[in-house]
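Participant: Quick one: the structure is below, questions incoming.
Computed from the coordinates by the stated procedures, all read-outs in this text should not be read as laboratory data. What you are looking at is a predicted structure, and each value in this text was computed from that prediction instead of being measured. Please note: Cβ atoms are built from the backbone with ideal geometry, for glycine as well, and neighbour counts cover all protein chains shown.
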C-alpha cells in the first residue's frame, strides 16, 4: 500500500519562490526609481519599465503570501477521509494474539464402583 501522502503538494516551494522573487523585484525597482529621479532623464520609458517591474514585484509578493495559507488549507483536502483511514487501520492491525482454546472433552465424574461381593 503506498503512503497516504506519496506526492506532497508543491505549494510551499512555489510560495517561497513567489515571495522571494517579488521581494527582490520590488526592492530593486524602488532603488532604480530613486536613481531615475536623481538622474532626471529626458525619456519616459525607463520610468515605465521601472514601474512595470515594481508592480510585478508587488503582485508576485501578494501571490506568494496568498499561496502559503492556501497550501496549509489544501493539506486537509489531500488527506483521505477519516473513515477510509479507520478502515485501513483495522485491516492492517494484526489481531490480538490469543491462543486458541480447544474445547475440553467433557469428563463425567467417576462414580465410585464397589466390587460385587457375593455373599
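Participant: Could you check the simple spin-label distance between residue 43 and residue 23, using points 7 Å along Cα→Cβ, in nm with one decimal?
Facilitator: That separation, rounded to one decimal, is 3.3 nm.
Participant: Indicate the gyration tensor shape class of the range 11-91 (rounded, prolate or oblate), computed on the Cα atoms with a ≥ b ≥ c the square roots of the eigenvalues: a/c under 1.5 is rounded; otherwise a/b larger than b/c is prolate and the rest oblate.
Facilitator: prolate
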